[in-house]
Each structure stands twice: as structure tokens, then as C-alpha cells.
1. Identify, please: which residue in the range 184-227 is in contact with a Leu (Cβ under 9 Å, 6 or more places away or on another chain) and among the small types (G, A, S) and is, among those, nearest to R117 (Cα to Cα)?
2. Out of the residues in the range 58-78 meeting the condition of being out of contact with any strand residue (DSSP E or B) (no Cβ under 7 Å at 6 or more places or on another chain) and in a loop (DSSP other than H, G, I, E, B), tell me which one is nearest to F95 (Cα to Cα).
3. Can you give me the number of residues within the range 240-255 that are under 12 Å from S201 (Cα atoms) and part of a helix (DSSP H, G or I)?
4. Kindly indicate which of T184, T213 is closer than 25 Å to V308 by Cα and part of a helix (DSSP H, G or I).
5. Return the residues of the range 59-80 that are in contact (Cβ under 8 Å) with a residue 40 or more places away in the chain, within 17 Å of L119 (Cα to Cα) and surrounded by fewer than 21 Cβ atoms within 10 Å (Cβ to Cβ); say none if nothing qualifies.
6. Quick one: which of L217, L248, L244 is more than 22 Å from A96 (Cα to Cα), aliphatic (A, V, I, L, M) and at pLDDT below 95?
7. Out of the residues in the range 145-181 that are assigned to a loop (DSSP other than H, G, I, E, B) and of a type in the set (A, V, I, L, M, F, W, C), which is nearest to A96 (Cα to Cα)?
8. Scanning for something at pLDDT below 50 and among the basic types (K, R), does the range 56-73 turn up at least one residue?
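The values are calculated or read from the model by the stated rules, or taken from the named source; none is laboratory data. Just so you know, these numbers come straight off a predicted model, no measurement behind them. With ideal geometry, Cβ positions are generated from the backbone for all residues, glycine too; neighbour counts draw on all protein chains shown.
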Amino acid sequence: MEISSTLLGSLSILVLVFTVAHGDPLVPALIIFGDSGKLRSLWKRDFVTHRPTGRFSNGKLATDFTAEYLGFTSYPPAYLSQEAEGVNTLTGVNFASAASGYYDNTARLYGAISLTRQLNNCREYENEVVSMVGRAKANAIFSGAVHLLSAGTSDFIQNYYINPLLRVYSPDQFSDILMISYSTFIQNLYGLGVRRIGVISLPPTGCLPAAITLFGLGRIQCIPRLNQDAISFNNKLNNTSQILKSRLPGLKLVVFDIFQPVLDMITNPGDNGFFESRRACCGTGRLETSMFCNSRSVGTCTNATGYVFWDGFHPSEAANKVLAGNLLQQGFDLIS
């Protein structure tokens, strides 16, 4: 009898939930890089603490749910925040910065922390951990920790598509440039002793509310050419990752496909309990980012749980929970 991949994924989740309920976290630490995770921000969010956290969502991010599923009782603090001190950092930190990307100039355009600077911060962080627990234990943390990387969306939507200086490149050529940055970043992490890395693919960028507003010519529907660029990029991401795994002994590198799960939520919102997948909850529901979003913002919806998107770029907490379940199924190799 053949067991479906969906059933296997569900069984895997049950095993993980049982395991973490009866012991320590499945990995020693969770460390996050890239974009739209957290930043130094005082903007209000509807987070569990009801305090400003800098999250670009109305609540938990997919990485927050991932931390819970892995058995952690707290979330990786933003590395440059006051919470990232001493033993609080031993179970991981968050280097991610909104509007960052594989292309460092994307971060510079928006005053974000580039991937290059995030890597430098990681080196600093590793030195701090070594000073606290010693080299041997620190190495065990770095090699056993799950490192998550999410980038690329800002490179396209907030830079390439609107920057005439970059349009000398075709989307395919620009993807090649990003792949060089990605490959270099992974190799640098490997050189720091990192062995478990999950990289998140591009979503269907042509379906993001901000992209529809900017490039949809007044029509509220996904833009096929942008989605095709994302598919092409994701194919290169998979191919490049396979090459890296073949060249770097002991590296566990998993590419998480969020393109299809997000597209499924958009095209069949009711299947996941949503009723709105084209417009965002925040502001006018189309273009704003979370920087200007909270429950008092003009036009903000009253029931974010029914929306796939919180703002023009970022999923709602409810959508993030769905995505985290998908990440857990796809990332079983990282924790086995």
C-alpha cells in the first residue's frame, strides 16, 4: 500500500510535536537571516506580548511558529535589540532586516541591514557565544542549529522592477547576479561551521498586493510575468543549492517552496479558512507596509484572520501559520 506524501508529512509533524512535548528542543538553536523578519522598530504589532516587536505582520511570523514547532519556549531575539544579551542568545538570534536582499544595494536603498552586514553580525555573535560557553560547546551549537534564510522578494519588487539602472539586465540575468550572492553567502556560513541551512524560495511575487497595485494596470489579479520570474529564480535556487551540497561535505541545505503554498492560499482561499486573498488587511488594503500598519490605521480590516495578506508584502499571522506547517513538512531533513 502506498502512503501519500501528505500523510507522511502529517505523521512527521505528529512525531515532532510528541517529541518536543516530552523533552528539549529538536535543535540547539534557530538563527534567521534575510528580509522581513524583524528590525529595530517601535511600531506597534498585535503580537502575543502586545508590545512593539518590529515584526512585519499583525502577529507571529512563520519563523515564530517554526520556533514553537521545534520546541523552543521563546523566539529568537533581533540581534541588535536589547533582548539579545547573554544567555538569551544561546538558543538563537534573528539577523533579518526588512527590505534586505541578496543584492546589497537593495538594503542600502531602504536603510536596511544587508546580507553582508548580517554575516558580519553572525561572526560577532559566534565570538560572543564562544566566550560564554567555550569553543567545543559553541561549535556544537553552530553545527546543530537550524539557520533560515529568506530573501529575494525585495530585490525584485522594491528594486529591480522599479530601478532603471538595473533594467539593463534581463530578469534572468538579474537572477544570475543574485545566485552569485546566495552561493557566496552559503559558503561563508559553511566556513563559520554552519551545517544546517533552510532557504526560502520566492513566493508568487506577481500576486502580492503591492505588486498588483504597482504593476497591475488597475486590475486586481496576479501578474503572470512576475510570477514567471519568480519560478525561474526558484529553479536556479534549487539548482545552485544542489551544486553547493555536492561541494560542501556534511552540509544539509533544504530549499523551502513557498511559491505553491502561497499560490494555493491565493487561488483557493476558502480551503484554508480565508475569505480575502487579493487585497491586504492593512491601510487601504493594497500598498502599505507594516511600518504604517496597526489596528488604528485608516482602512485596516477588523478581521485579519480572514486575510491572506496583512499588508502589501507580508502574510497575515493566520497565513504564516499555514506556511510554517508547510516549512515543517519540507524541512524534516534539517532536524533528522
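1. G198
2. Taking the candidates together, the pick is Y75.
3. Within the range 240-255, the first condition is being under 12 Å from S201 (Cα atoms), and the residues that meet it are 241, 254-255.
Now narrow it down to the ones that are part of a helix (DSSP H, G or I): 241.
The number of residues fulfilling the criteria is 1.
4. Numbers: T184 fails: closer than 25 Å to V308 by Cα.
After ruling out the rest, the residue left standing is T213.
5. L80
6. On the way: L248 fails: at pLDDT below 95; L244 fails: at pLDDT below 95.
Just one listed residue meets the conditions, L217.
7. Of the range 145-181, the ones assigned to a loop (DSSP other than H, G, I, E, B) are 145, 151-152, 158-159, 163-170.
Imposing the further condition that a residue be of a type in the set (A, V, I, L, M, F, W, C) reduces the set to 145, 151, 165-166, 168.
On the way: A145: 16, A151: 9, L165: 26, L166: 24, V168: 29 Å.
Going through the qualifying residues, I end up with A151.
8. So the first thing to find is which residues in the range 56-73 are at pLDDT below 50, and the list is none.
Looking for residues that are at pLDDT below 50 and among the basic types (K, R), one finds none in the range 56-73, hence no.
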